[in-house]
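S.K.: I'd like to ask you about the structure that follows.
The values are calculated or read from the model by the stated rules, or taken from the named source; none is laboratory data. Computed from a prediction, not measured in an experiment: that's the story for all the values here. Reconstructed Cβ throughout: ideal geometry from the backbone, glycine too, with neighbour counts over all protein chains shown. Note: accessible area is taken over every heavy atom of the protein model, side chains too, but ligands, DNA and RNA are not part of it. Shrake-Rupley method; radii C 1.70, N 1.55, O 1.52, S 1.80 Å.
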Amino acid sequence: MTITDTPPEAATAVDAEPEALPFGELGALVGTGEHARIGRMFLGFSLFFAVASFVAQLLLDLERISADAVDVLDVDILFQVFTAQRVGLVLGFALPALLGLAMVVVPLQVGARTVAFPRAANLAFWGWLLGAALVVAGYLVGGGPGGTDLRGTDLWLAALVLVAASLALGAVCVVTTVLTLRAPGMTLRRTPLFAFSMFVAGSVWILTLPVLAANLLLAYLDHRHGQVLFGVNANLWPQLQWAFGQPQIYVVAIPVLGIVADVIPVFAGARQRLYGVAMSAIGAFGVLAIGAWAQTAYAPDLVGEPLFIAFGLAAVLPVLLVIALGAETLRSGRPRTDGPLLLALVAGLVLLLATAAGAVHVIEPLELVGTTWGTGQMELTVLAAVLGLFAGLQYWAPKVVGRVLGEGPAKGLAPLGLVAAVLAAVPLLAAGALDQPDTIPAGAVRDGVEALNLVAAVGTGLVLLVVLAFIANLVRPAPAGTDTPDDPWGGHTLEWSTTSPPAPGNFAELPVVTDERPLFSETAEEASAR
Amino acid sequence: MTVTVYDIVPGDVVAPAPARPRVLLVGTALVTAAVLAVFAGLIGVYANQRAATIAGGDEWIPGGAGTIPLTPASVMFVTLVMSSIVVQWAHYAIVRDDRRNAYIAFGLAAVLAAAFINQAAFLFGEMGWVIADSVQAVLIYAIAGGQLAMFAVAVVFLALMALRAFGGQITSRDHEAISAAALFWHASVLVYAVVWTAVYQIK
């Protein structure tokens, strides 16, 4: 047995809920150190931002149908809605939601009693929530890029610094958990793939979110004192746009690979093929998602540089590799077509489509940069994160919310999610190929692509429906008297060895790991085939 | 046949420190990496703007706008290098339970930290930039002010750990906290070294 040098016995066990706090339940909520509760809080509020962001996207899509016929938004606030939708999707929804899922699941997967620095994790949540609320407030008072209120824009910039810093702090907690609190015997090589993907994603977030914070800090100083560096409000967005475009946008999709790679073997009833290769692919995708160097506001010629093109082209390979390994794992087992598997497969396919679109995006002679091809590619990536998150929630629901989610809705939402993602994004890709510029206001709509924009709006409407339906399935109370099994799926990793939901401290006895799939019982044939 | 068994562990050897996760040290290293990324972003923008200005045929430091005096900045650099050595001395002393040397080293670190902050206040006053008037001022104050803020955090971190060490909570058997504080301190010195080179030296 291999013993790591970081046994979790000495971890700070603070999972026990505080007893009889002066402010009762509110005090327990604000001061909690329980990782599952912090994760649930992240998930709950980020889903709220998901709905708000997709509503904003729907309004923008409607606006884009025709420059004259449809006028749902006042032209003065169009650019604010445009930026709010992107900020909301990435910093309001995707990153915090994945962080929330990781807060719940990663400590369980690695056999830890808690997340590292639970108080800091709590601080990360409240910092993110306060920052996100202030970002919204900044928009509401007329601030933000394109806004007219200078103080509102100052507020928006300062609040975004808080959001970025809080998310980076949360990532520090998750990455430290993976690095230091693994169970005895769990080497990094044996770490479950979702936990490993969060280690990779968290590391990339830690390296890139501070760069965004630095940009915001400069913008804040400049905007508050003379506006000599960046100029008026509208010029702020190009300085920040790199965080919402290729290649940086892939940071929201790194954990999707981990979810796909963790879910498929369980429902295939087989061991993950070439485990080390899958880990390497996730790591490579993480490296290719580092986009802080690709700030086109400072280096407009970057889009023609070989490195930028190579990053864009290469990103498709790790995704393809993970999906191919998943397909091989499915082929070698006896797959059960349960909801988590269907959602994971759909998430993987959408991510593959996103990276393929990204690879085409960087081919310079096609001149797609600056068109809605980029918008469609971003939407596909975020939708892969949405569907991957739903797959993860469907799979780990017994640990997250303490019950098994309805299978019927999940099986229906998976194909609907695929259709919605394709309808929402592919028409924008096609319109981009027809030179529709990625600009707002929609007066820039190119003639002849109205029908494509209409289909995109319908697709976004479907996406919104899928999101709302999944949330309804998530919050629907379980029938009275329903017991939640500890391991409803026959899971392979440590989180399924404890109760659903996990008791404080997670594990009655510390698990010892000798294998990357400690709970997997293979048949004699499978064992001999290894 | 007589078998002689030798006791190879002397009786006065203290039991080894218990294996424990280096949670604080790893977490501090990650936070340090994040802070370094902030400065990488800031200095990247600075270098980009400077190169663009020079490529446009202008001087990066236009006449009458302000100055970037090298001498006080260099004295600050020497002060910080000395402080880094002193902090490592404190760490060395704590690891060996040498409390007398630890007290001296922590005291010297406090003096050097105060000297650095005082020098920084003097330097900022000397430079004479008006932040609302020039791109250079925005960038210089963001970078230099950010480094000063990082150093202030390092001072608070080390002071808290020093108090814990004085209270007997940090000893040779468990000195991870002081290692973490020292790591962050050294990182703040490293950042100043880069700032000194990029801003004060190259101008």
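S.K.: Return only the number of the condition from (1) within 14 Å of another protein chain (Cβ to nearest Cβ); (2) more than 24 Å from residue A:353 (Cα to Cα); (3) assigned to a helix (DSSP H, G or I); (4) in contact (Cβ under 8 Å) with a residue 12 or more places away in the chain that residue A:297 does not satisfy.
M.R.: Result: residue A:297 fails condition (3) only.
S.K.: Could you look through segment A:208-258, keep only residues that are among the polar types (S, T, N, Q) and part of a helix (DSSP H, G or I), and pick out the one that is surrounded by the most Cβ atoms within 10 Å (Cβ to Cβ)?
M.R.: A:215
S.K.: Residues to consider are B:47, B:40; find the one that is more than 8 Å from chain A (Cβ to nearest Cβ), at pLDDT 90 or above and outside any loop (DSSP other than H, G, I, E, B).
M.R.: After applying the criteria, what remains is B:47.
S.K.: Name the single residue that is nearest to residue A:201 (Cα to Cα) among those in segment A:74-117 being open to solvent by 10 Å² or more (accessible area, probe 1.4 Å) and within 14 Å of chain B (Cβ to nearest Cβ).
M.R.: Per the stated criteria, the residue is A:117.
S.K.: Then there's this: Identify, please: which residue in segment A:283-317 is farther than 25 Å from residue A:236 by Cα and of a type in the set (Val, Ile, Thr) and is, among those, surrounded by the most Cβ atoms within 10 Å (Cβ to Cβ)?
M.R.: If we take residues in segment A:283-317 being farther than 25 Å from residue A:236 by Cα and of a type in the set (Val, Ile, Thr), then A:316 is surrounded by the most Cβ atoms within 10 Å (Cβ to Cβ).
S.K.: Could you tell me which of the residues A:328, A:379, A:364 is among the acidic types (Asp, Glu) and within 16 Å of the chain's Cα centre (by Cα)?
M.R.: Within the list A:328, A:379, A:364, the selection yields A:379.
S.K.: Which members of segment A:46-73 meet the condition of being within 30 Å of residue A:169 (Cβ to Cβ) and surrounded by 19 or more Cβ atoms within 10 Å (Cβ to Cβ)?
M.R.: A:46, A:47, A:49, A:50, A:53, A:54, A:56, A:57
S.K.: Report, by residue number, each residue of segment A:148-165 that is in contact (Cβ under 8 Å) with a residue 40 or more places away in the chain and open to solvent by less than 10 Å² (accessible area, probe 1.4 Å).
M.R.: Residues satisfying the conditions are A:153, A:157, A:160, A:163, A:164.
S.K.: Let me ask something else. Answer with yes or no whether residue A:283 is assigned to a helix (DSSP H, G or I), in contact with a Phe, Trp or Tyr (Cβ under 9 Å, 6 or more places away or on another chain) and either more than 9 Å from every other protein chain (Cβ to nearest Cβ) or within 21 Å of residue A:97 (Cβ to Cβ) (or both).
M.R.: Spelling it out, residue A:283 is indeed assigned to a helix (DSSP H, G or I), in contact with a Phe, Trp or Tyr (Cβ under 9 Å, 6 or more places away or on another chain) and either more than 9 Å from every other protein chain (Cβ to nearest Cβ) or within 21 Å of residue A:97 (Cβ to Cβ) (or both).
S.K.: Follow-up question, since we're still on this one. Counting just the residues of segment A:184-203 that are at pLDDT 95 or above and open to solvent by 10 Å² or more (accessible area, probe 1.4 Å), which one comes out nearest to the other protein chains (Cβ to nearest Cβ)?
M.R.: A:203
S.K.: List every residue pair whose Cβ atoms sit under 7 Å apart, with the two residues 6 or more apart in sequence or on different chains, where the first one lies in segment B:160-182 and is over 18 Å from residue B:27 (Cβ atoms) and the second, anywhere, is open to solvent by 10 Å² or more (accessible area, probe 1.4 Å).
M.R.: Cβ pairs passing all conditions: B:162/B:106; B:165/B:94; B:171/B:97; B:172/B:95; B:172/B:96; B:172/B:97; B:173/B:17.
S.K.: Restricting attention to segment B:123-138, report how many residues are over 10 Å from residue B:66 (Cβ atoms) and not hydrophobic (A, V, I, L, M, F, W, C).
M.R.: So the count comes out to 1.
S.K.: Given the criteria β-branched (Val, Ile, Thr), surrounded by fewer than 24 Cβ atoms within 10 Å (Cβ to Cβ), out of contact with any Lys or Arg (no Cβ under 8 Å at 6 or more places or on another chain) and in a helix (DSSP H, G or I), does residue A:136 qualify?
M.R.: Yes; evaluated as a whole, the condition is true for this residue.
S.K.: Please verify whether segment A:341-363 includes one or more residues that are farther than 26 Å from residue A:276 by Cα and within 14 Å of another protein chain (Cβ to nearest Cβ).
M.R.: No, the conditions are met nowhere in segment A:341-363.
S.K.: Being under 16 Å from the mean Cα position of the chain (by Cα), within 14 Å of chain A (Cβ to nearest Cβ) and either of a type in the set (A, V, I, L, M, F, W, C) or more than 18 Å from residue B:89 (Cβ to Cβ) (or both): is that true of residue B:132 here?
M.R.: It is false that residue B:132 is under 16 Å from the mean Cα position of the chain (by Cα), within 14 Å of chain A (Cβ to nearest Cβ) and either of a type in the set (A, V, I, L, M, F, W, C) or more than 18 Å from residue B:89 (Cβ to Cβ) (or both).
S.K.: Moving to a separate point now. Does residue A:172 meet the test of being surrounded by fewer than 24 Cβ atoms within 10 Å (Cβ to Cβ), within 11 Å of another protein chain (Cβ to nearest Cβ) and either acidic (Asp, Glu) or within 22 Å of residue B:32 (Cα to Cα) (or both)?
M.R.: no
S.K.: Oh, and also: Among the residues of segment A:280-291, write down those that are within 18 Å of residue A:382 (Cα to Cα) and among the hydrophobic types (A, V, I, L, M, F, W, C).
M.R.: Of everything in segment A:280-291, those that are within 18 Å of residue A:382 (Cα to Cα) and among the hydrophobic types (A, V, I, L, M, F, W, C) turn out to be A:282, A:285, A:288, A:289, A:290.
S.K.: Return the pair list, or none, for Cβ contacts closer than 9 Å from residues in segment B:84-110 that are over 20 Å from residue B:189 (Cβ atoms) to residues that are of a type in the set (Asp, Glu) and modelled with pLDDT of 95 or more, at least 6 apart or on different chains.
M.R.: Cβ pairs passing all conditions: none.
S.K.: Please identify the pairs in which a residue from segment B:40-55 that is closer than 15 Å to residue A:296 by Cα has its Cβ atom under 7 Å from the Cβ atom of a residue that is open to solvent by 30 Å² or more (accessible area, probe 1.4 Å), counting only partners at least 6 apart or on another chain.
M.R.: B:45/A:298; B:48/A:298; B:49/B:135
S.K.: Condition (residue is within 11 Å of chain B (Cβ to nearest Cβ), hydrophobic (A, V, I, L, M, F, W, C), surrounded by fewer than 24 Cβ atoms within 10 Å (Cβ to Cβ) and in a helix (DSSP H, G or I)) applied to segment A:119-132: is it met by at least one residue?
M.R.: yes
S.K.: Answer yes or no: is there a residue in segment A:316-332 that is within 29 Å of residue B:34 (Cβ to Cβ), of a type in the set (A, V, I, L, M, F, W, C) and without any contact (Cβ under 8 Å) to a residue 40 or more places away in the chain.
M.R.: Yes; the residues of segment A:316-332 include at least one that is within 29 Å of residue B:34 (Cβ to Cβ), of a type in the set (A, V, I, L, M, F, W, C) and without any contact (Cβ under 8 Å) to a residue 40 or more places away in the chain.
S.K.: Can you tell which of A:404, A:400, A:350 is over 30 Å from residue A:34 (Cα atoms) and β-branched (Val, Ile, Thr)?
M.R.: A:350
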